[in-house]
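Here the structure comes first, spelled out in structure tokens, and everything after it is commentary.
The values are calculated or read from the model by the stated rules, or taken from the named source; none is laboratory data. As the structure is a computational prediction, the values presented were derived from the model and not from experiment. Ideal geometry is used to build each Cβ from the backbone, glycine not excepted, and the neighbour counts take in all protein chains shown. Ligands, DNA and RNA are stripped out before the accessible areas are found, and what is left, the full protein with its side chains, is counted by its heavy atoms. Shrake-Rupley method; radii C 1.70, N 1.55, O 1.52, S 1.80 Å.
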Amino acid sequence: MDYEIVIISNRPHLSQEAQLCLKGLNNRVFDGTNYPSFSKIVNDCITSSEHETIIICNDKARPTPKAVEKILIMLKEGWGMVALYRFGFFGFKKDLIRKIGFFDERYIGGGYEDVDFVRKLKEANVGYFESEEIDYIYLPTS
């Protein structure tokens, strides 16, 4: 399957750890420095990718190749979007974006863009799978 994993990060130490989890798989780091919203970053990841299937990976996600395989299989089975750690690790085909549109960039600073996107999926009657089954690290807030 024609796919790419895009690790969104502006923290090299975290993106390198995420890349180690995905060793041997087609992945790249997308620098999220100074982006006004999560939606804008994801949309730019989509438009900058030459691949039809995209998996977005937060730099705190710690997926395995088996998790990537699960996403790819479920997308092939007809799911519109598969999220194995909410919107921290999720995949879809560009056909989905052509059908329901990009993420709404008016959600500045992050918040509710995921809820809005799920609403668009439901309105279009597109199957969506969401879980929290991969490892995810939490950073202390100061």
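Here are some notes:
- Distance from the Cα centroid of the range 91-142 to that of the range 20-47 is 14 Å (rounded to whole angstrom).
- Within the listed set Glu50, Glu132, Glu77, the residue fluctuating most in the Gaussian network model of the chain (springs between alpha-carbon atoms under 10 angstrom) is Glu77.
- Averaged per residue, the range 1-41 has 53 square angstrom of accessible surface, using a 1.4 angstrom probe with ligands and nucleic acids left out.
- For the chain, the fraction of 1.4 Å probe accessible surface lying on carbon and sulfur atoms is 51 percent.
- If you run the Gaussian network model on the chain, springs between alpha carbon atoms under 10 Å, then out of Gly109, Gly32, Gly88 the most flexible one is Gly109.
- Modelled this way, with points 7 Å down the Cα-to-C-beta line, the labels at His13 and Ile108 are 3.1 nm from one another.
- Sum of side-chain charges, Lys120 neighbourhood, beta-carbon under 10 Å (Lys, Arg +1; Asp, Glu -1): 0
- Taking a straight Cα-Cα cut-off under 19 Å and skipping sequence neighbours fewer than 8 places away in the same chain, the lysines within cross-link reach of Lys99 are Lys40, Lys76, Lys120, Lys122.
- Amide H contacts of Asp59 (H built 1.01 Å from N, under 5 Å, at least 5 apart or other chain): Ile8
- Computing FRET efficiency as 1/(1 + (r/R0)^6) for Tyr136 and Ile73, where r is the C-beta to C-beta distance and R0 is 25 Å, gives about 0.75.
- Accessible surface area normalised per residue over the range 90-133 is 61 Å², counting heavy atoms of protein chains with a 1.4 Å rolling probe.
- Of all DSSP beta bridges in the chain, antiparallel share, percent nearest 5: 45
- Trypsin sites (Lys or Arg not before Pro) within the range 23-63, DSSP loop, no more than 12 other Cβ atoms inside 10 Å: Lys23
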